[in-house]
Amino acid sequence: VQLQASGGGSVQAGGSLRLSCVASGGIFRPNDMGWYRQAPGKPRELVGNITSGGSTNIVDSVKGRFTISRESDKSAVYLQMDSLQPDDTAVYYCSATVRVGVPITYWGQGTEVTVSS
């Protein structure tokens, strides 16, 4: 499975970005898809994830500002980011988990988001 993420960029605080990630090349469609981020000098952290049934989980630090969605027939996941803050600056990675036997998680290449004050 290959994941192609896009949509990162530089914005001022209060601005918005929409990240996209499309999975391809697998026999089975991903069960769970999600977004993680890694700020400079910090470990990678979960932003949110969404199941194939549409159930979502968003971490408290971005709740109310970020929305995760997906198109299951396209194996695509999106992250709408509003009211961006400098603390949101990070490289954002999409993930896709296939649960056939042993779960396997695949990662995209990362897309950089920079928020200036």
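Numbers at a glance
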{"item": "Part-to-part distance (alpha-carbon centres) for region 1-56 and region 74-117, which is given in Å", "result": "2 Å"}
{"item": "Alpha-carbon gyration tensor eigenvalues x 5, square-rooted, for region 3-62, Å", "result": "23, 15, 13"}
{"item": "Probe 1.4 Å, accessible area per residue of the chain, Å²", "result": "53 Å²"}
{"item": "Simple label model, 7 Å out from Cα along Cβ direction - S55 to S10, nm", "result": "4.2 nm"}
{"item": "Relative contact order [Cα under 8 Å, 6+ residues apart], the chain, whole percent", "result": "36 percent"}
{"item": "Carbon + sulfur, % of accessible area of the chain - ligands and nucleic acids excluded, 1.4 Å", "result": "48 percent"}
{"item": "DSSP-defined antiparallel bridges as percent of all bridges, the chain, nearest 5", "result": "90 percent"}
{"item": "Projected area, mean over directions - the chain, Cα convex hull, nm²", "result": "6.9 nm²"}
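The values are calculated or read from the model by the stated rules, or taken from the named source; none is laboratory data. Everything numeric here is computed off the predicted structure, so don't read it as measured data. A quick note on method: Cβ atoms are made from the backbone with ideal geometry, for glycine too, and the neighbour counts reach across all protein chains shown. Heavy atoms of the whole protein, side chains included, go into the accessibility calculation; ligands, DNA and RNA do not. Shrake-Rupley method; radii C 1.70, N 1.55, O 1.52, S 1.80 Å.
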